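The block underneath contains the structure these notes are about, expressed in C-alpha cells.
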Amino acid sequence: MTATESPAHIEADLALEMYRRMTLIRLFEEQANELYRSAKMPGLTHLYIGEEAIAVGVCSALRRDDWITSTHRGHGHCLAKGAEVGRMFAELLGKEAGYCSGKGGSMHIADHEHGNLGANAIVGGSTGIATGAAFSAKRRGTDQVAVCFFGEGALGQGLLYEVMNMASLWALPVVYVCENNQYNEYTHYLEATAGDILTRPRAFGIEAQEVDGQEVRAVYGATVELVERARRGGGPAFLLCNTYRYHGHHVGDVDRAYYRSKDEEELWRGERDPLALHGGWLTEHELATTDELDSIAADAREEITTGLAFALDAPFPDASRVTDDVYA
C-alpha cells in the first residue's frame, strides 16, 4: 500500500470510531467559534475545521503511551489523543477544571495522561520537544514513539532542521507530521516555501511520504507504517498531509477575500470534506447506514453540550494561584 491509497480492509469498529472522533472535533470547534463570538472566551483561537482527518488518522495509529506535540491549531490533536471535552472547554474559558488550570488557554493545552506533551504557540516550537521525547524513549529502551504535528509555515524555522538532523543521526523514534493547509497565515505556501517539501527531510536521510490529508484512512495507513518502522528502530520519518482549513487563520479572520477566493473555499468544503468523504465510504461499504451516522453525530452533539455546561459552571482559579506552576 502506498501513502496515497486508502486501506480497503480497515476494521469496522475503528472506521466508525474515526468518524465519531472527527465529528466530535468538528462540533467542538464550531462551539469554540461561538464562545469567541459571544465574548465568553478570552483571547483568540485557531480552528481545526477541515483538517480533522489528520489528527484522527495519526492518533488512531498510536498507543496511549506514545507522545504527541501540538500547535496553535491544536484542539483536534488533543481530542484525537483522548482529551475530555469538558476539560478542554474549561481550559478555553480559563477555568480551574481545565487541563492547565485555565492558565494555558486555547494554544497551550497539555494532557500528559494521554501522552499529549502540549500545544505550542511558537511556530515549530514543539519540534524540539517531540524529538527530545523520542531521545528519551531510545535511551530508556522503551518502544514508545513521538509524533510532532506542525503546519507548513514551520518549514521556515531553523529548529525543525536542527532536530531532524539529530533524529536522523541517532535514529530516533519520531514522526514529523506536516499539516499543509495551503496558507502560512495569509500567504499561500508556494509564495513562502521554495522547492519540493519532501526533499527537505530526505536531505537528512529521513523516510518521507505524502498523503491526502482529507482521507482519514489514507492518513491512518501511512502513519501505521511509519510508526511501526520507528518502533522497530528504523528511525525518524516525515509525513506530509495536504489539507485545508475552512475558516480563517484565527477566529477574527473573517473576511478572507483578499488572500483566497470563495470558489476555492467552496470547492474544498463541497468536494473534499473529510467527514463527508469518510461517511460516504462507510455507507458505500455497508459499514454504517445514514441513520447510524446521524446517531453518531447526535451522540457527539450531546457530549459537546454536556461538556460545555460543565465548563461554563466551573469556577475560575483563585487569584492566590496566579504564580503556581510558573517557571522562569
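The values are calculated or read from the model by the stated rules, or taken from the named source; none is laboratory data. Computed from a predicted model, the values in this text were never measured in an experiment. All Cβ positions, even for glycine, are placed from backbone atoms using ideal geometry, and neighbour counts span all protein chains on display. Accessible surface is based on the protein model in full, side chains and every heavy atom, while ligands, DNA and RNA are left aside. Shrake-Rupley method; radii C 1.70, N 1.55, O 1.52, S 1.80 Å.
Once the Cβ-Cβ distance between Thr290 and Arg37 is put in as r, and R0 is 35 Å, what FRET efficiency do you end up with, to the nearest 0.05? Intermediate results must be reported in sequence, preceding the final value.
Numbers: r = 31 Å, r/R0 = 0.87.
Once rounded, the FRET efficiency stands at 0.70.
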Relative contact order for the chain: what is it in percent, counting Cα pairs under 8 Å that are at least 6 residues apart? 24
Can you give me the C-alpha center-to-center distance between the stretch 227-299 and the stretch 85-127, rounded to a whole angstrom? 22
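Given the rule -39500 (n - 2.57) for each run of at least 4 DSSP H residues, summed and divided by the residues of the chain, what is its mean residue ellipticity at 222 nm, to the nearest 500 deg cm²/dmol? Spell out each step's value before the answer.
Details: 11 runs with 139 residues, N = 328.
The helix-only estimate for the chain comes to -13500 deg cm²/dmol at 222 nm.
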Area of Tyr220 that stays accessible when all protein chains are in place (1.4 Å probe, Å², to 10): 50
Can you match P(r) over Cα pairs in 10 Å bins from 0, in percent to one of these, (1) 6, 27, 35, 25, 7, 0; (2) 6, 25, 31, 20, 11, 4, 1, 1, 0; (3) 6, 27, 35, 21, 6, 3, 1, 0, 0, 0, based on a calculation from the structure here? (1)
When the C-alpha atoms of the stretch 176-282 are aligned to their principal axes, what extent does each axis show, in angstrom, from largest down? 47, 38, 21
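Could you rank Asp255, Asp212 by how accessible they are, 1.4 Å probe, largest area first?
Numbers: Asp255 110, Asp212 45 Å².
Largest accessible area first, the residues go Asp255, Asp212.
So how much slack lies between Tyr186 and Val322, counting 0.36 nm per residue of separation and subtracting their Cα-Cα distance, in nm?
Values: separation 136, 0.36 × 136 = 48.96 nm, distance 3.49 nm.
Separation in residues times 0.36 nm, less the Cα-Cα distance, equals 45.5 nm.
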Excluding ligands and nucleic acids, what accessible area in Å² is computed for Lys40 using a 1.4 Å probe, to the nearest 10? 110
Sequence order, the stretch 126-131: Karplus ³J(HN,Hα) from phi using 6.51 cos²θ - 1.76 cosθ + 1.60, θ = phi - 60°, Hz rounded, Gly and Pro as x, gives 8, 5, x, 5, 5, 5
Which percent of the accessible heavy-atom area of the stretch 136-284 goes to carbon and sulfur, probe 1.4 angstrom? 49
Can you work out the FRET efficiency for the pair Glu302 and Arg63, with r the C-beta to C-beta distance and R0 = 25 Å, to the nearest 0.05? 0.30
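Quick check for you: with a 1.4 Å probe and neighbouring chains kept, what is the accessible area per residue of the chain, in Å²? If you can, show how the numbers build up before the last one.
Working: 14150 Å² over 328 residues.
In whole numbers, the chain has 43 Å² accessible per residue.
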With 0.36 nm assigned to each residue of separation and the Cα-Cα distance removed, Arg269 to Asp196 gains 23.7 nm
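Can you give the relative contact order of the stretch 149-303 as a percent, counting alpha carbon pairs under 8 Å and 6+ residues apart?
On the way: 180 pairs, mean separation 39.3, N = 155.
That works out to 25 percent.
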For the stretch 14-19, take each phi angle, set θ = phi - 60°, evaluate the Karplus expression 6.51 cos²θ - 1.76 cosθ + 1.60, and give the result in whole Hz per residue in order, putting x for glycine and proline. 5, 4, 5, 5, 4, 5
Hz values of 3J(HN,Hα) by residue in the stretch 71-81 - Karplus curve (6.51, -1.76, 1.60), Gly and Pro given as x: 10, 5, 9, x, 4, x, 4, 4, 5, 5, 8
Inter-site label distance for Gln157 and Ala203 at 7 Å from Cα along Cβ, in nm: 1.8
Ignoring ligands and nucleic acids, Glu185 exposes an accessible area, probe 1.4 Å, in Å² to the nearest 10, of 90
Relative contact order of the stretch 1-99, pairs being alpha-carbon contacts under 8 Å that are 6 or more residues apart, as %: 26
For a quick check: with amide H placed at 1.01 Å from N, whose amide H comes under 5 Å from Tyr183's, ignoring anything fewer than 5 positions away on the same chain? Tyr189
